[in-house]
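For reference, the structure is listed below as structure tokens.
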Amino acid sequence: MRRRRGGDEASASSAVMYAAVSTALCLALWWALPGARSTDDLVRTELIGWRNATFLSFGILVGFGVVAVLPDGDARDVAVAYVDPVLMLIIGLAILPTPIRLLRTMSRELLEMRPAADIEVPARAAVLETCWAAGLPDPVVRMTKTGGRLYVEVDHVVAPGTWDVADIDVLRRALVESLASERYTVWLNVDLSTDPAWQLS
């Protein structure tokens, strides 16, 4: 078999040793990071990075492991020359959707300052249900999310003399409880006014 021009011969045994050590280290860091329990998106992103590094190292280990056991000959020569770039292409394409998804989420938060629908919709529903239970009409709800923090502002217009500071404290505690989540930390601001024009500003 005639080998096509190109490729770069690599030592299969050295690559296997390197990939084995790299896989073990990446796997240890992937397991050690508290990403699944963290409310910080940056920590979870770091966790994903080490997970992908583990897959990459393991793919190299398997690929060069197969090459290392091939018998001497033209087939082995071709495999040694091309296994590295081919593995990079295959593994790169396999993990590509993850960074694209992360980039889309972060771009939305930075440019629109708006949480994802799976966060915004249930959070808004929780605010409305809590306000209805307190005898209040629909509030103006504003939400933004940055990293692991969800910022929620709840504005109401009430009749003069119907609410005092203690009542607002009760409402705020109920809202904090209804918005509590392991996915993020809530920063809540509750404002009540008797001026309808203020709510629209």
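The values are calculated or read from the model by the stated rules, or taken from the named source; none is laboratory data. Remember, it's a predicted structure, so these values are computed and weren't measured experimentally. A quick note on method: Cβ atoms are made from the backbone with ideal geometry, for glycine too, and the neighbour counts reach across all protein chains shown.
Just one residue in the set THR130, THR185 is in contact (Cβ under 8 Å) with a residue 12 or more places away in the chain, within 21 Å of ARG44 (Cβ to Cβ) and surrounded by 13 or more Cβ atoms within 10 Å (Cβ to Cβ); that residue is THR185.
Taking the criterion of being at pLDDT 80 or above, within 27 Å of the chain's Cα centre (by Cα) and of a type in the set (Ser, Thr, Tyr), would at least one residue in region 36-51 satisfy it? No, there is no match, as no residue in region 36-51 is at pLDDT 80 or above, within 27 Å of the chain's Cα centre (by Cα) and of a type in the set (Ser, Thr, Tyr). GLY135 meets all of the listed conditions (1) within 19 Å of the chain's Cα centre (by Cα); (2) surrounded by fewer than 16 Cβ atoms within 10 Å (Cβ to Cβ) but one, namely (1). In region 133-144, the residues that are touching a residue at least 24 places away in the same chain (Cβ under 8 Å) form Cβ pairs under 6 Å with partners that are surrounded by 15 or more Cβ atoms within 10 Å (Cβ to Cβ), at six or more places apart or across chains, as follows: ALA134/LEU171; LEU136/HIS156; VAL140/ASP155; MET143/PRO115; MET143/GLU120; MET143/VAL152; THR144/TYR151. Scan region 47-94 for residues that are in contact with an Asp or Glu (Cβ under 9 Å, 6 or more places away or on another chain) and surrounded by fewer than 17 Cβ atoms within 10 Å (Cβ to Cβ) and the total you get is 2. Every condition in (1) under 25 Å from ALA24 (Cβ atoms); (2) in contact (Cβ under 8 Å) with a residue 60 or more places away in the chain is met by GLY92 except one, and the failing one is (2). Determine, yes or no, whether LEU87 is part of a helix (DSSP H, G or I), modelled with pLDDT of 80 or more and on the phi < 0 side of the Ramachandran plot. It is false that LEU87 is part of a helix (DSSP H, G or I), modelled with pLDDT of 80 or more and on the phi < 0 side of the Ramachandran plot. Name every residue in region 170-188 that is touching a strand residue (DSSP E or B) at 6+ places or on another chain (Cβ under 9 Å) and either modelled with pLDDT of 90 or more or not in a strand (DSSP E or B) (or both), in order of residue number. Within region 170-188, LEU171, ARG172, LEU175, VAL176, LEU179, ALA180, SER181, ARG183, TYR184, VAL186, TRP187, LEU188 meet the criteria. Taking GLY65, is it in the same structural domain as GLU46 (by TED's automatic domain parsing) and at positive phi? Judged against the criteria, GLY65 is not a match.
Checked against the criterion of being touching an Asp or Glu at 6+ places or on another chain (Cβ under 8 Å), modelled with pLDDT under 90 and hydrophobic (A, V, I, L, M, F, W, C), the candidates VAL157, VAL165, VAL141 yield just one match: VAL157.
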